[in-house]
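The next block holds one structure in the form of structure tokens; read it before the comments.
The values are calculated or read from the model by the stated rules, or taken from the named source; none is laboratory data. Quick caveat, the model's predicted, so the values are computed rather than measured. When we count neighbours, we look across all protein chains shown, and the Cβ atoms used for this are built from the backbone with ideal geometry, even at glycine. The area values use the complete protein model at the heavy-atom level, side chains included, leaving out ligands, DNA and RNA. Shrake-Rupley method; radii C 1.70, N 1.55, O 1.52, S 1.80 Å.
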Amino acid sequence: MEDENFNEDSLNELLNDYPPEKSSLIPILQASQDKYGYLPRPVMKTIAKYLSIPVSTVHGVSTFYAQFRFEPIGKHVVKVCHGTACHVKGADKINETIESKIGVKSGETTEDGLFTLERVACIGCCSLAPVIMVDGTAHGNLDRKKVKKVIQSYREGE
Ligand code: FES
């Protein structure tokens, strides 16, 4: 969701579920990210106002935790496992192949909003290494050719 589409009423509704005190900050940030997919600037401002704390505090706390994001998330989230088993079986090559196929680096989202690429630690299917997870579905035993096909299948699903 773009900043300009963010709906103040729906955010106020969310905020009303929490007492307006500083200890509500993390739960509110989590709920806001669940709702918007990331933390748009105007959302952080409204949260600061609600909790009567400076926006810089909201920003400082949210950047401290890796779970929060500040850019819109892509429609498909591609997580490349860089755990030990996947690393040994060529996770770097898989990562490079995806980066060149979709044109963004890890941590970024494609301009068309279709893919967000992320690096993750072991996702628990080491026997399928190297593995990627797309929108919660694991794809394993990958090589460069197979991973290109997987990404293509999500493109074609549009
Ligand atoms: S190391 Fe990749 S799934 Fe475990």
Condition set open to solvent by 30 Å² or more (accessible area, probe 1.4 Å) and either of a type in the set (A, V, I, L, M) or more than 15 Å from the ligand (Cβ to nearest atom) (or both), scope segment 114-135, selection farthest from Gln67 (Cα to Cα): answer is Leu128
Please indicate, with yes or no, whether at least one residue in segment 84-102 is assigned to a loop (DSSP other than H, G, I, E, B), within 25 Å of Glu71 (Cβ to Cβ), more than 11 Å from the ligand (Cβ to nearest atom) and open to solvent by 70 Å² or more (accessible area, probe 1.4 Å). no
Ser62 fails exactly one of (1) open to solvent by 40 Å² or more (accessible area, probe 1.4 Å); (2) within 20 Å of the chain's Cα centre (by Cα); (3) among the small types (Gly, Ala, Ser), namely (1)
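In the set Glu111, Glu118, which member is in the same structural domain as His82 (by TED's automatic domain parsing) and part of a strand (DSSP E or B)?
Numbers: Glu111 fails: part of a strand (DSSP E or B).
Residue meeting the stated conditions: Glu118.
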Exactly one of Asp3, Asp17 is surrounded by fewer than 16 Cβ atoms within 10 Å (Cβ to Cβ) and modelled with pLDDT under 90, and that one is Asp3
